[in-house]
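**Student:** Next up is a structure, given as structure tokens.
The values are calculated or read from the model by the stated rules, or taken from the named source; none is laboratory data. Since the structure is predicted, the reported quantities are computational estimates derived from the model, not experimental observations. With ideal geometry, Cβ positions are generated from the backbone for all residues, glycine too; neighbour counts draw on all protein chains shown. When the accessible area is computed, the model is the full protein with side chains, heavy atoms only, and any ligands, DNA or RNA have been set aside. Shrake-Rupley method; radii C 1.70, N 1.55, O 1.52, S 1.80 Å.
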Amino acid sequence: YPLRRQRQMCIRDSGLISCMLPAINRLPSTDVSPLLRHGKRIRENFFDIVYSTRETGARFGFVVSMKVDKRATGRNRIKRLLREAVQHLLPDFSRGIDCVIVARGKVGNSRETTESMLRNSFIKIGVL
């Protein structure tokens, strides 16, 4: 069988194009719970970052509860915004990190503002 090229799945949502994070940058669901219990935490206005450092590679998980938005479409939009902002920051990471971003409110409407908030938080952590 011929080798298949790895394709990125992209979704268009009212002007926002969201592509999936590569599999190596996704935190498996089995690792989310232990990280939330034992990881270090940084609180920002609209989200918490729970993280632990690792040797190489950056892996991310996203949590948006029903307290933030009752509708699944709203929660998914917030996750897409966060995911796209993280994807733009991926080349800048200097160290490995396991990270769960927990949304605590409406994150924002644009990827640029979300990306700048995340960039400042990752600079505080020391991985950018």
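**Student:** Between residues in region 27-54 that are closer than 24 Å to Ser116 by Cα and residues that are open to solvent by less than 70 Å² (accessible area, probe 1.4 Å) and basic (Lys, Arg), which pairs lie under 9 Å by C-beta distance while being six or more apart or on different chains?
**Tutor:** Qualifying pairs under 9 Å: Leu27/Arg59.
**Student:** Just one of (1) in contact with an Asp or Glu (Cβ under 7 Å, 6 or more places away or on another chain); (2) more than 18 Å from Val50 (Cα to Cα); (3) in a loop (DSSP other than H, G, I, E, B) trips up Gly108, so point out which.
**Tutor:** Among (1) in contact with an Asp or Glu (Cβ under 7 Å, 6 or more places away or on another chain); (2) more than 18 Å from Val50 (Cα to Cα); (3) in a loop (DSSP other than H, G, I, E, B), the lone unmet condition for Gly108 is (1).
**Student:** Tell me the residue from Val50, Val63 that is closer than 17 Å to Met20 by Cα and hydrophobic (A, V, I, L, M, F, W, C), please.
**Tutor:** Just one listed residue meets the conditions, Val63.
**Student:** Counting only residues that are small (Gly, Ala, Ser) and more than 22 Å from Leu128 (Cα to Cα), which one in region 23-47 is surrounded by the most Cβ atoms within 10 Å (Cβ to Cβ)?
**Tutor:** Result: Ser33.
**Student:** Can you tell me which residue is most open to solvent (accessible area, probe 1.4 Å) among those in region 118-128 that are more than 12 Å from the chain's Cα centre (by Cα) and not small (Gly, Ala, Ser)?
**Tutor:** Lys124
**Student:** Which one of these is under 23 Å from His38 (Cα atoms), open to solvent by 30 Å² or more (accessible area, probe 1.4 Å), touching a Leu at 6+ places or on another chain (Cβ under 9 Å) and among the aliphatic types (A, V, I, L, M): Val100, Val63, Val50?
**Tutor:** Result: Val63 is the single residue among Val100, Val63, Val50 that is under 23 Å from His38 (Cα atoms), open to solvent by 30 Å² or more (accessible area, probe 1.4 Å), touching a Leu at 6+ places or on another chain (Cβ under 9 Å) and among the aliphatic types (A, V, I, L, M).
**Student:** Test Asn120 against the stated conditions and say whether it is in a loop (DSSP other than H, G, I, E, B) and not hydrophobic (A, V, I, L, M, F, W, C).
**Tutor:** On the way: in a loop (DSSP other than H, G, I, E, B): no; not hydrophobic (A, V, I, L, M, F, W, C): yes.
Answer is no for this residue.
**Student:** I want to confirm something. Restricting to region 26-62 and keeping residues that are among the hydrophobic types (A, V, I, L, M, F, W, C) and assigned to a loop (DSSP other than H, G, I, E, B), which single residue is farthest from Ser94 (Cα to Cα)?
**Tutor:** Taking the candidates together, the pick is Phe46.
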